[in-house]
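The values are calculated or read from the model by the stated rules, or taken from the named source; none is laboratory data. Please read these numbers as outputs of a predicted model, since none were measured by experiment. Positions of Cβ are backbone-derived with ideal geometry, glycine not excepted, and every protein chain shown enters the neighbour counts.
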Amino acid sequence: MENIKTKRLNRENAGITEKLPIKIVQYGEGNFLRAFVNYLVNKLNKEADFNAGVAVIQPLAGGMISVLNEQDGLYNLFMKGIKQGKEIQLNETISCIQNAYDPYKDYESYLNLAKEEELEFIISNTTEAGIAYDANDKLEEYPHQSFPAKLTALLYKRFQYFEADPAKGLTIIPCELINHNADNLKKIILKYAESWKLEDDFVKWINENNSFHNTLVDRIVPGFPKDDIEEYEEQLELEDKLIVSAEIFLLWVIEGGEELKSKIPFHKIDENVLIVKDLQPYRTRKVRILNGAHTTMVPFSILFGNETVKETVDHNFTGEFIEKAVFEEINPTLSLSEEELNSFAAEVFDRFRNPFIKHQLASIALNSISKFKVRVLPSLLGFHKKYNRLPLRLTFAFACLIRFYDGKWKGQALPVKDDEKVISIMKKIWELHSYNEIAEHVLGKEDFWGLDLNELPQLKEKIAFALEVIDTKGIKDGFELFSKKFPSS
């Protein structure tokens with residue numbers, strides 16, 4: 001029978017009457033922030049007396065602010081996944097969002113948030129393109145188009161309203177997926193201050209009384225579960241147009257010290273939030289282990305015959321290959337403790353086995369050569385530097401990558417997705433007569449790898465042999481022959 005809700009989710013119908021002071025202005029109303037930051041704020045409110053209300057700002061002209069306001073900021077978050085081998089499903093109503101604003105329709109109300117007495121934090125996720133300078137944004141011309149311009153205007157309003165009070169500076173924590181996100185945001189704010197000819201005291205107030213914290217965020221958030229919406233709605237009493245689904249795992253690494261720890265009591269909740277002096281080792285860990293495992297497995301596993309990440313890690317042969325590549329060849333090249341790296345890697349494989357997420361290998365095959373350079377090649381080179389030998393599985397996976405770019409396998413087209421120039425170069429290389437020539441030409445493409453990999457001892461010989469056995473014996477038997485020929489790889 002069709003599940004029809006007679007009442008809409010809002011505070012009156014849900015019996016949620018508590019109003020919280022605005023401590024956080026959040027730029028972005030999308031699925032990720034609602035499943036990540038707002039989930040954590042909600043938990044801090046419940047378990048650590050954080051008492052923080054959130055005002056959400058719609059960063060682009062088109063967005064979901066109207067629906068969010070219709071539901072008084074409420075929505076349901078469903079979390080599913082595997083933790084320590086156990087299947088977990090959780091859901092809760094998120095209630096920390098108090099108001100939502102569309103600055104393209106009402107800029108004055110947006111700017112008035114600068115006057116909030118208890119405002120302490122700025123949080124954002126405006127996509128990687130959001131932290132950018134737009135010279136067309138002028139202080140007096142509302143609404144500003146770029147996120148940094150909007151934020152600069154808000155900070156300037158606060159500076160003026162509270163007469164440069166040092167205690168009214170804010171803690172700014174961007175979540176955009178770029179390296180040094182807070183450093184870049186601060187530079188742009190100061191650039192606006194200069195181009196708008198704002199007073200030196202404002203620049204001093206920004207530098208001395210506001211703190212900027214680089215971050216690394218990690219959580220898979222599929223978002224609104226449109227394919228399974230009836231299953232989700234059956235679990236709810238009220239109609240919710242903003243249901244969001246996410247995996248169980250999350251990681252938030254924030255650069256900061258004791259002052260930040262005292263402002264946000266993350267230590268009082270059992271969540272994977274780390275406040276550290278330097279997040280770069282954690283960023284490297286994620287890129288090398290999680291992203292590196294993806295890039296290692298894609299050509300290798302597709303050529304074997306798998307279609308999804310879960311299939312790959314569940315299969316005896318491909319699963320063992322990828323696990324040993326991570327634990328025995330990638331982790332030893334990283335600077336964090338073995339315990340910390342192994343724990344993170346184990347969580348990654350739990351995520352890969354998540355039965356609720358169908359992660360198609362073909363969907364992560366985009367730009368595999370450039371991804372290999374950033375995500376896998378540093379591990380291969382680091383392993384060789386540390387042990388004076390090549391890593392067995394990463395070397396074989398490298399050969400699989402090269403074989404993948406031939407574009408054909410057993411009479412079928414392969415899902416090669418890359419820049420046309422890269423595809424064209426690889427197609428011409430595959431017209432060469434011998435595997436040795438193919439290996440030499442690919443490894444010599446300095447614009448692919450940043451160096452001539454023919455200079456790495458034995459790599460050309462091993463790649464050429466791997467290409468031959470992949471073509472003649474297939475992936476599984478080919479890897480067995482490769483392992484026997486180069487047992488000390």
Inset, instruction - Please verify whether segment 148-165 includes one or more residues that are of a type outside the set (A, V, I, L, M, F, W, C), surrounded by 20 or more Cβ atoms within 10 Å (Cβ to Cβ) and in a loop (DSSP other than H, G, I, E, B). - result: no
Legend entry - Neighbours by Cβ (under 7 Å, 6+ apart or cross-chain): first from segment 442-462, in contact (Cβ under 8 Å) with a residue 60 or more places away in the chain; second among the charged types (D, E, K, R) and surrounded by fewer than 18 Cβ atoms within 10 Å (Cβ to Cβ): F448/K373; W449/K373; G450/K373
Legend entry - All positions within segment 347-369 that are farther than 17 Å from A399 by Cβ, of a type outside the set (D, E, K, R) and in contact (Cβ under 8 Å) with a residue 60 or more places away in the chain: N354, P355, F356, I357, L361, A362, I364
Inset, instruction - Quickly run through segment 190-246 and pick out the residues that are of a type in the set (S, T, N, Q) and closer than 30 Å to K7 by Cα. - result: Q235, S245
Legend entry - Some residue of segment 125-138 being part of a helix (DSSP H, G or I), among the charged types (D, E, K, R) and buried (at least 20 other Cβ atoms within 10 Å of the Cβ): no
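Residue-by-condition table, conditions (1) closer than 20 Å to D134 by Cα; (2) out of contact with any Lys or Arg (no Cβ under 6 Å at 6 or more places or on another chain); (3) of a type outside the set (S, T, N, Q):
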position	(1), (2), (3)
Y156	yes, yes, yes
E163	no, yes, yes
G169	no, yes, yes
P174	yes, yes, yes
N181	yes, yes, no
Legend entry - For H267: the one exception among (1) over 21 Å from A345 (Cβ atoms); (2) touching a residue at least 12 places away in the same chain (Cβ under 8 Å): (2)
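Inside segment 230-308, counting only helices (runs of 4 or more DSSP H) that do not spill past its ends, which hold 1 or more residues that are among the hydroxyl-bearing types (S, T, Y), modelled with pLDDT of 95 or more and assigned by TED's automatic domain parsing to the domain that holds I24?
Where helices (runs of 4 or more DSSP H) fall fully within segment 230-308 and carry at least 1 residues being among the hydroxyl-bearing types (S, T, Y), modelled with pLDDT of 95 or more and assigned by TED's automatic domain parsing to the domain that holds I24, they are 258-263.
In segment 29-108, which helices (runs of 4 or more DSSP H) lie fully inside it and hold 3 or more residues that are among the aromatic types (F, W, Y), assigned by TED's automatic domain parsing to the domain that holds L251 and under 22 Å from the mean Cα position of the chain (by Cα)?
none
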Legend entry - Condition check for R389: at pLDDT 95 or above, under 22 Å from V374 (Cα atoms) and under 29 Å from the mean Cα position of the chain (by Cα): no
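Looking at segment 67-90, which of the residues that are among the acidic types (D, E) and under 16 Å from E239 (Cβ atoms) is surrounded by the most Cβ atoms within 10 Å (Cβ to Cβ)?
This residue is D72.
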Inset, instruction - Any residue in segment 465-479 that's under 13 Å from N436 (Cβ atoms): show its pairings with residues that are surrounded by 19 or more Cβ atoms within 10 Å (Cβ to Cβ) and among the acidic types (D, E) at Cβ separation under 9 Å, as long as the two are six or more apart or on different chains. - result: none
Inset, instruction - For segment 469-488, enumerate the residues that are buried (at least 18 other Cβ atoms within 10 Å of the Cβ) and not aromatic (F, W, Y). - result: V469, I470, I475, G478
Legend entry - Counted residues, segment 332-379 - those being polar (S, T, N, Q), assigned to a helix (DSSP H, G or I) and surrounded by fewer than 20 Cβ atoms within 10 Å (Cβ to Cβ): 4
Legend entry - Residue check for K115: over 29 Å from R8 (Cβ atoms) and modelled with pLDDT under 95: no
Inset, instruction - Scan segment 136-151 and report the pairs whose first residue is among the acidic types (D, E) and whose second residue is assigned to a helix (DSSP H, G or I) and modelled with pLDDT of 95 or more, with Cβ atoms within less than 9 Å and a gap of 6+ or a chain change. - result: D137/P148; D137/A149; D137/K150; D137/T152; D137/A153; D137/Y192; D137/S195
Inset, instruction - Determine if segment 428-439 includes at least one residue that is closer than 29 Å to F327 by Cα and either at pLDDT 95 or above or assigned by TED's automatic domain parsing to the domain that holds F304 (or both). - result: yes
Inset, instruction - Sort through E176, E208 and tell me the only one that's in contact (Cβ under 8 Å) with a residue 24 or more places away in the chain and surrounded by fewer than 15 Cβ atoms within 10 Å (Cβ to Cβ). - result: E208
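Listed here are the residues, each with its yes/no results for (1) within 36 Å of the chain's Cα centre (by Cα); (2) part of a helix (DSSP H, G or I); (3) within 16 Å of R393 (Cβ to Cβ).
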{"site": "F448", "(1), (2), (3)": "yes, yes, no"}
{"site": "I463", "(1), (2), (3)": "yes, yes, yes"}
{"site": "D471", "(1), (2), (3)": "yes, yes, no"}
{"site": "G478", "(1), (2), (3)": "yes, yes, yes"}
{"site": "P487", "(1), (2), (3)": "no, no, yes"}
